[in-house]
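Chemist: Before we start, here is the structure in question, set down as structure tokens.
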Amino acid sequence: MKKTLTHTKVSVRLRKSDKSNRWYLYIESYPIFLGNDEKPLRLREYIKRTITTPIWENVNKIHRHPKRDTNGIIQCKSEIDKESCRYADEIRKLRQYEYDCESLYNIPLHMKKNNESFFDFFDNLNNQLHSNSSDATITVWNRTREVLKQFIHKKQLTFAEIDIPFVEKFRSYLLKAPLGGFRHGYIARNTAAIYFTVFKSVLSRAYKNGFLAEDIAAKVMGIKNQETHREYLTEVELEKLSECHCDKPVVKRAALFSALTGLRHCDIQKLKWSEIREENGKYSIYFTQQKTKGVEYMPINKTAFMLCGEREKDNKLVFEGLQDTSWIMRTIDRWMKRAGISRHITFHCFRHTFATLQLTNGTDIYTVSKMLGHTNVKTTQIYVKVVDEKKQKAAEAIKLDISHMTQL
């Protein structure tokens with residue numbers, strides 16, 4: 001596009017659908033000049049939004065125009081259509097801003113930023129959003145960056161290289177991307193879904209900040225999560241584990257503590273004696289979740305308190321010497337075999353155990369969700385399915401042969 005003395009005006013327009021009583025919303029820019037062509041062009045950009053209840057004015061058989069408010073936004077009867085028109089107007093404002101910049105600087109804003117580094121933008125946004133986030137969130141963003149670099153096989157990526165085909169190819173790559181480090185195999189589908197969500201969120205912010213000419217993130221489907229099986233232990237199995245020898249006593253105490261409280265490994269690992277309180281024979285924990293950074297209060301029973309051991313100074317760790325989960329898996333595997341448990345049990349399964357047993361014993365889902373520190377009760381609902389499966393198995397446990405009965 002070249003600079004022109006004619007001011008480009010951007011408007012939201014409607015086009016009637018040929019097959020239904022709908023109107024497509026699109027952004028019209030006029031006049032536009034491409035290359036050395038002096039003939040003005042009319043540019044239309046469809047935004048994948050339709051409305052069905054526009055309010056018309058000057059209605060006649062030949063011409064009719066949608067009614068607009070004082071800000072030029074098309075008026076509609078339904079709230080959904082009103083929201084679509086407001087969305088279209090936001091895009092119009094952005095496009096108008098770009099053309100105004102073109103008029104001033106002889107180049108569109110997004111064209112000026114085309115050759116800037118995507119990774120620099122990614123890092124700046126990561127630091128801006130997650131300076132106080134959990135280690136898990138920061139790890140996910142860093143890992144997304146690493147996988148993207150693996151995909152492009154180079155150190156730098158400019159915004160000019162990112163378009164819809166590029167994003168779709170990266171989506172396909174994630175579904176078969178190799179595990180990091182020295183591990184063999186491919187990343188799980190749900191992990192791929194998380195990485196792609198992070199990538200799309202960065203693209204969305206880049207579009208809003210003028211680094212991309214179109215909202216690419218909105219035009220590419222995400223990766224659908226795959227429902228996973230949550231392994232858990234029964235009360236009988238917990239009893240066996242409590243009686244069975246474990247090579248590292250701190251692992252045994254911490255795992256059983258997780259099964260009784262629902263705390264994550266990272267929260268147990270950093271738990272200090274100053275966060276455990278005893279008042280009138282009642283025990284509780286006041287701590288900050290590492291994942292959500294939320295301050296939590298949680299009552300615990302006497303058994304959980306006893307698993308903490310002898311009380312130390314307030315600044316001491318309760319489970320001193322508890323290593324990261326990757327280092328204690330062999331210890332857990334040997335412990336499980338001694339207890340006669342053949343299923344693959346990780347440390348996190350003890351947290352699943354807490355949730356499943358609480359719901360099985362009648363604790364309402366909202367209380368369990370709060371005790372687990374979930375920010376959304378939908379996250380907790382996966383355990384309800386596990387409990388329903390247990391009920392179904394229980395219902396089928398007692399069977400009678402009534403084939404000899406002639407009257408029922």
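Chemist: Apply the Karplus curve 6.51 cos²θ - 1.76 cosθ + 1.60, θ = phi - 60°, to the phi angles in the stretch 157-169 and return the couplings in whole Hz, x for Gly and Pro.
Modeler: 9, 9, 5, 5, 8, 9, 9, 4, x, 4, 5, 5, 5
Chemist: Could you work out the pair-distance distribution P(r) of the stretch 280-383 from its alpha-carbon pairs, with 5 angstrom bin width and percents rounded to whole numbers?
Modeler: Cα pair-distance distribution for the stretch 280-383, in percent: 2, 9, 14, 20, 22, 19, 11, 3, 0.
Chemist: Let me ask something else. Rounded to a whole number, what % of the accessible area of the stretch 314-386 do carbon and sulfur atoms account for, probe 1.4 Å?
Modeler: Roughly 50 percent of what the probe reaches on the stretch 314-386 is carbon or sulfur.
Chemist: Let me ask you something else. Per residue, how much accessible area does the stretch 223-338 show when a 1.4 Å probe rolls over the protein heavy atoms, in square angstrom?
Modeler: On a per-residue basis, 59 Å².
Chemist: Quick one: which of K337/K378; K39/K219; K282/K316; K176/K270 span more than 29 angstrom between C-alpha atoms?
Modeler: K337/K378; K39/K219; K176/K270, as the Cα separations exceed 29 Å there.
Chemist: Here is a further query. Place the peptides 208-219, 249-260 in order of packing, highest mean first, counting for every residue the other Cβ atoms within 10 Å and averaging per peptide.
Modeler: The packing order, highest mean first, is 249-260, 208-219.
Chemist: What ranking do 184-191, 198-205 get when scored by the average of other Cβ atoms within 10 Å per residue, highest first? Write out the running numbers ahead of the final one.
Modeler: On the way: 184-191: 12.9, 198-205: 19.5.
Ranked by mean Cβ neighbours within 10 Å, highest first: 198-205, 184-191.
Chemist: For T137, T325, give the ranking by accessible area with the largest first, probe 1.4 Å.
Modeler: The residues order as T325, T137, largest area first.
Chemist: What number, in percent, do you get for the relative contact order of the stretch 141-196 if the mean sequence gap of Cα pairs under 8 Å and at least 6 apart is divided by its residue count?
Modeler: Here the relative contact order equals 34 percent.
Chemist: Would you mind listing how long the stretch 208-292 runs along its three principal axes, going by Cα atoms, in whole Å with the largest first?
Modeler: Computed over the stretch 208-292, the largest-to-smallest principal extents equal 62, 32, 25 Å.
Chemist: Per-residue counts of other Cβ atoms within 10 Å, averaged by peptide: what ranking do you get for 273-282, 41-50, highest first?
Modeler: Descending packing order for the listed peptides: 41-50, 273-282.
Chemist: On to the next question. What do you get for Rg/Rh of the stretch 205-357 when both radii come from the Cα atoms and Rh is the Kirkwood radius? Each step should come with its number before you reach the end.
Modeler: Working: Rg = 19.8 Å, Rh = 17.7 Å.
Here Rg/Rh amounts to 1.12.
The values are calculated or read from the model by the stated rules, or taken from the named source; none is laboratory data. All values derive from a computational prediction rather than experimental measurement. Note that we place each Cβ from the backbone using ideal geometry, even for glycine, and neighbour counts take in every protein chain shown. We work out accessible area using only protein heavy atoms, side chains counted, and drop any ligands, DNA or RNA first. Shrake-Rupley method; radii C 1.70, N 1.55, O 1.52, S 1.80 Å.
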